[in-house]
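The values are calculated or read from the model by the stated rules, or taken from the named source; none is laboratory data. What you see is a predicted model; the values in this text were computed from it and never measured. Don't worry about glycine lacking a Cβ; one is built from the backbone with ideal geometry, like all the others, and counts go over all protein chains shown. Only protein heavy atoms, including side chains, enter the accessible area calculation; ligands, DNA and RNA are left aside. Shrake-Rupley method; radii C 1.70, N 1.55, O 1.52, S 1.80 Å.
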Amino acid sequence: MKDIVEIADVQSQILEAFSFRHATKLFDETRKIPEAEFDTILEAGRLSPTSFGAEQWQLLMIQTREKRELFRDFAWGANGMMHGTTGQLGSASHFGLFLARTSETMKAGSDYLARHMREVKKFPDEVANGFEAVLRKFQEEDFGLTSDRLLTEWSARQAYIALGNMMTAAALMGIDSCPIEGFDVKQTQATLQEHFGIDPKEFYPAVMVAFGYRAGAPAYPQTRRDLDEVVAWA
Ligand SMILES: Cc1cc2nc3c(=O)[nH]c(=O)nc-3n(C[C@H](O)[C@H](O)[C@H](O)COP(=O)(O)O)c2cc1C
């Protein structure tokens, strides 16, 4: 149990981290995140919750300049197009792309899920069978995830939880980040297939993320709606 003084300390660290974090447009190219610190960020993602514990996402880290440049023409949210810079693609210490599993691998009864239950969750057969039945009802009835698109979006939502946790973990260590949805999905899929051997039938590019150290002060102040507009108490 933490005592009150410690809790107050943690509270202020949390709030400090959340006001420190901003969507960084340009990173200091000369600074690399130390490996141990980046490992902590990765662990914050890996240990994040997922619906049914199914771990519906993977993270592709893209580190070499040549590989990042493959995305430059169509990853407009990361290529500095709006800011006249080399963008997050050119300046981030670490650059990743979250891949969400598609319905091919996430539908109840899939080979991926069977292996996941057996090898990761270590479920005995009867538990795995019960789990599959509940998941099937959830997907087909409760949440109506009845199309490939809806199931893939469900996977992507899990990736965003990890994304958020990773950015917060980074901010707590004074590391900057930027979430990135500014890219053309079809062109990203084609690039992933051609240059990284990633099958679009298996993985969908959900969101990108850049980490590093800001090159300068944020371009704009942090603005948010008031709390009473954001939260309703019933
Ligand atoms: C899912 C998501 C996608 C985003 N995509 C981009 C992007 O492509 N490029 C970019 O520079 N910022 C992107 N942003 C940053 C938002 O514009 C930013 O978070 C928002 O304006 C609030 O500003 P702040 O994060 O600096 O407080 C994205 C944010 C989120 C959550």
- Task: Looking only at region 194-234, count how many residues are more than 16 Å from the ligand (Cβ to nearest atom), outside any strand (DSSP E or B) and surrounded by 10 or more Cβ atoms within 10 Å (Cβ to Cβ).
- Result: 8
- Assuming H22 fulfils every condition listed in (1) in contact (Cβ under 8 Å) with a residue 60 or more places away in the chain; (2) away from the ligand (no atom under 13 Å from the Cβ) apart from one, which condition is it? (2)
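Quick one: would you say T146 is in a helix (DSSP H, G or I), more than 15 Å from F52 (Cβ to Cβ) and without any contact (Cβ under 8 Å) to a residue 60 or more places away in the chain? Can you show your working first?
Working: in a helix (DSSP H, G or I): no; more than 15 Å from F52 (Cβ to Cβ): yes; without any contact (Cβ under 8 Å) to a residue 60 or more places away in the chain: yes.
Criteria not met by T146.
Tally time: how many residues in region 175-193 are among the acidic types (D, E) and surrounded by fewer than 17 Cβ atoms within 10 Å (Cβ to Cβ)? Please lay out each step first, then the result.
Pass one, region 175-193, residues among the acidic types (D, E): 176, 181, 184.
Checking which are surrounded by fewer than 17 Cβ atoms within 10 Å (Cβ to Cβ) leaves us with 181, 184.
Of the residues in that region, 2 qualify.
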- Restricting the first residue to region 67-79 and requiring it to be within 15 Å of T24 (Cβ to Cβ) and within 12 Å of the ligand (Cβ to nearest atom), which pairs with a second residue that is part of a loop (DSSP other than H, G, I, E, B) and basic (K, R) meet a Cβ separation below 7 Å and a spacing of at least six or different chains? N79/R72
- Message: Could you check region 1-25 and list, in sequence order, the residues that are open to solvent by 90 Å² or more (accessible area, probe 1.4 Å) and under 21 Å from A92 (Cβ atoms)?
- Response: F18
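Those residues that are out of contact with any helix residue (DSSP H, G or I) (no Cβ under 8 Å at 6 or more places or on another chain), of a type in the set (A, V, I, L, M, F, W, C) and under 16 Å from A23 (Cβ atoms), I need them from region 169-194; list them, please.
Of region 169-194, the ones out of contact with any helix residue (DSSP H, G or I) (no Cβ under 8 Å at 6 or more places or on another chain) are 181-194.
Right, trim to of a type in the set (A, V, I, L, M, F, W, C) and you get 183, 185, 190, 192.
Hit for region 169-194 is F183, nothing else.
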- L97 meets each of (1) within 16 Å of the ligand (Cβ to nearest atom); (2) farther than 19 Å from T152 by Cβ with one exception, condition (2)
- helices (runs of 4 or more DSSP H) (entirely within region 58-134) containing at least 3 residues that are open to solvent by 60 Å² or more (accessible area, probe 1.4 Å): 65-69
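Considering region 1-47 alone, what residues qualify as being of a type in the set (S, T, Y) and in contact with a Gly (Cβ under 8 Å, 6 or more places away or on another chain)?
Residues of region 1-47 that are of a type in the set (S, T, Y), as a first pass: 12, 19, 24, 30, 40.
Correct list: T24 only.
Among what's in region 26-42 and is acidic (D, E) and in contact (Cβ under 8 Å) with a residue 60 or more places away in the chain, pick the residue that is most open to solvent (accessible area, probe 1.4 Å). Spell out how you get there, then give the answer.
Of all residues in region 26-42, those acidic (D, E) come to 28-29, 35, 37, 39.
Then keep just the ones that are in contact (Cβ under 8 Å) with a residue 60 or more places away in the chain; that gives 28-29, 37.
Working: D28: 46, E29: 103, E37: 61 Å².
Taking the candidates together, the pick is E29.
Has region 165-176 got any residue that is free of Cβ contacts under 8 Å to residues at least 12 places away in the same chain and either within 16 Å of the ligand (Cβ to nearest atom) or under 15 Å from F74 (Cβ atoms) (or both)? Break it down into steps so the answer makes sense when it comes.
Kept after step one, since they are free of Cβ contacts under 8 Å to residues at least 12 places away in the same chain, are these residues of region 165-176: none.
No: zero hits.
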